[in-house]
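Read through the structure below, which is laid out as structure tokens, and then see the notes.
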Amino acid sequence: MIYVNNYNNMGTLVNNYVFKALENYPYDLEEVMEALNYALSYDDKNTMALTLMGRVHAEKLFKYDDAIMYYKEALAENVHAFEVYSHYINVLLWNEDYKEAEDFIDFAITVKGSDKAVLYFKKAILFEQLKQYKKALSFVKLAKEFTFNSEFMHTVNEERSRIKGKLPKKKKPKSKKKDKKSKK
């Protein structure tokens, strides 16, 4: 029984450090790193701590390979660690690992409970970066279909407008009147 209580206390302690890190991110990185190091020293498989450590490496230190390592470690521990998905996809896109990003998104969409709207949105961004704008718009449409809150719907609509603005302009056919004048 003592072991169970120690484990519960340890779990609470780890969560307290994770919460402290989350509360301070991204404003006080010194506090974040201290709290994450404590959390990971007590539980080196804590997916939330690994995810935030990945975010620090990706978003603040621009060490994408290190961030990818933390994200993969979190996903190896728990494939349902949904807090990892969006951040992992972001770093794959920033690192121009497009094939890996597409493969992960395709996998993540099949995981029960994953946020399909966010995943289709990320796939739209992937194809936008690949300059496949029509394909990107098809995934924006899917993201809208799976969106169930107004704030995210606004974000999706902004994405749609931005991508539409990148589509090549269609050339207008010359009018017949101008053609006749130019022949004279």
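If Lys and Arg each add +1 and Asp and Glu each add -1, what is the summed charge of the other residues whose beta carbon sits under 10 Å from the beta carbon of residue 166? Once all neighbours under 10 Å are counted, the net charge is +2.
Among the listed pairs 112/166; 99/134; 60/134; 116/169, give every one whose C-alpha distance is greater than 29 Å. Write out the running numbers ahead of the final one.
Values: 112/166 34 Å; 99/134 18 Å; 60/134 33 Å; 116/169 31 Å.
Cα-Cα > 29 Å for 112/166; 60/134; 116/169; rest within.
Distance from the Cα centroid of segment 106-176 to that of segment 36-70 is 29 Å (rounded to whole angstrom).
How big is the dipole moment of the chain about its Cα centre under a simple scheme where the beta carbon of each Lys and Arg is +1, that of each Asp and Glu is -1, and everything else is neutral? Debye, nearest 20, please. Walk me through the intermediate numbers first.
On the way: 32 positive and 26 negative charges, 737 e Å.
Dipole about the Cα centre, nearest 20: 3540 debye.
Taking a quarter of the surface of the convex hull around the Cα atoms of the chain, what do you get in nm²? Write down the numbers at each step before the final one.
Values: hull surface 62.7 nm².
It is 15.7 nm².
Taking Cα atoms only, the orientation of helix 98-110 departs from the longest principal axis of the chain by about 70 degrees. Given a cut-off of under 8 Å on Cα pairs at least six residues apart, what relative contact order in percent is computed for the chain? 11 percent. If R0 is taken as 41 Å, the Cβ-Cβ distance between residue 167 and residue 41 corresponds to a FRET efficiency of 0.20.
Dipole of the chain computed with +1 at Lys/Arg Cβ and -1 at Asp/Glu Cβ about the Cα centre; of 149, 161, 88, farthest Cα towards the positive end is 161. Summed over qualifying helices (DSSP H, 4 residues or more, each -39500 (n - 2.57)) and divided by its residue number, the chain shows a 222 nm mean residue ellipticity of -24000 deg cm²/dmol. Inter-label distance, residue 77 to residue 153: 3.7 nm, where each label sits 7 Å from its Cα along the C-beta direction.
Computed from the coordinates by the stated procedures, all read-outs in this text should not be read as laboratory data. Since this is a predicted model, take the numbers as computed values, not measurements. Please note: Cβ atoms are built from the backbone with ideal geometry, for glycine as well, and neighbour counts cover all protein chains shown.
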